[in-house]
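Written below as structure tokens is the structure these notes are about.
The values are calculated or read from the model by the stated rules, or taken from the named source; none is laboratory data. None of the values given here were measured: they were computed from a predicted structure. Backbone-built Cβ (ideal geometry, glycine too); neighbour counts: all protein chains shown. Quick note on the areas: whole protein, heavy atoms, side chains included, nothing else; ligands and nucleic acids left out. Shrake-Rupley method; radii C 1.70, N 1.55, O 1.52, S 1.80 Å.
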Amino acid sequence: GGASLVSATDWVGLDAYPGTWQGLPSGYTFSDGTRQLIVQEMSELRQSDMPLGGFPATTKMHISEFGYPTGPNRTYAMQATSVQSQLQAVYDYRANYNVSDYRLFDLRDSQTASTSFEDQYGLMTDTYAPKPAFAVFQSMVSSFS
């Protein structure tokens, strides 16, 4: 794309799912490991990947998807902790990495009773019953607004 791509781009997106597929860094609690991973992902995009594409520091970064699913070996408490850690980290580092947007993936589970975590990213069950992470998300968004 070169210069024409860079001039036509308003933002570059990062899909972030710390701890979902990769393990957390050793020596960290779940909360701190989740935070460490999202900061690392923002840093890699901003300091390594975007410069390779010729994007300047003024190009906005969007966290275009984030989440942590529930399901087998993934408790509602873990999801709430992950949401809290990720939101706080992005809020804390938003100026460092020029982050302007943060978008949740997925408000509602597709199938809460499924044995696959891929069906349970929602902050609500498939019947729209809020999981604990919903209250965390709502509270933090309110406090950051």
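What pairs come out if I take residues in region 1-13 that are in contact (Cβ under 8 Å) with a residue 40 or more places away in the chain and pair them with residues that are among the polar types (S, T, N, Q) and assigned to a loop (DSSP other than H, G, I, E, B) whose C-beta lies under 7 Å away, six or more apart or interchain?
Hits for this filter: Thr9/Thr59; Trp11/Thr59; Val12/Thr59.
I'd like to know if region 57-69 contains one or more residues that are in contact with a Ser or Thr (Cβ under 9 Å, 6 or more places away or on another chain), surrounded by fewer than 18 Cβ atoms within 10 Å (Cβ to Cβ), modelled with pLDDT of 95 or more and not in a strand (DSSP E or B).
Yes, some residue in region 57-69 is in contact with a Ser or Thr (Cβ under 9 Å, 6 or more places away or on another chain), surrounded by fewer than 18 Cβ atoms within 10 Å (Cβ to Cβ), modelled with pLDDT of 95 or more and not in a strand (DSSP E or B).
Determine which single condition Arg94 fails, assuming it passes every other condition in (1) in a helix (DSSP H, G or I); (2) among the charged types (D, E, K, R); (3) open to solvent by less than 60 Å² (accessible area, probe 1.4 Å).
(3)
Please go through region 15-25 and pick out each residue that is part of a loop (DSSP other than H, G, I, E, B) and open to solvent by less than 80 Å² (accessible area, probe 1.4 Å).
Once the filter is applied, which keeps residues that are part of a loop (DSSP other than H, G, I, E, B) and open to solvent by less than 80 Å² (accessible area, probe 1.4 Å), region 15-25 yields Tyr17, Pro18, Gly19, Thr20, Gln22, Gly23, Leu24, Pro25.
So which residues in region 93-128 are among the small types (Gly, Ala, Ser) and within 17 Å of Arg74 (Cβ to Cβ)?
Across region 93-128, the qualifying residues are Ser110, Ala113, Ser114, Ser116, Gly122.
Can you tell which of Val12, Val39, Val6 is over 22 Å from Arg103 (Cβ atoms) and open to solvent by less than 60 Å² (accessible area, probe 1.4 Å)?
Within the list Val12, Val39, Val6, the selection yields Val6.
Quick one: would you say Ala77 is at pLDDT 95 or above and not in a loop (DSSP other than H, G, I, E, B)?
Here the answer is yes, as Ala77 does meet what is asked.
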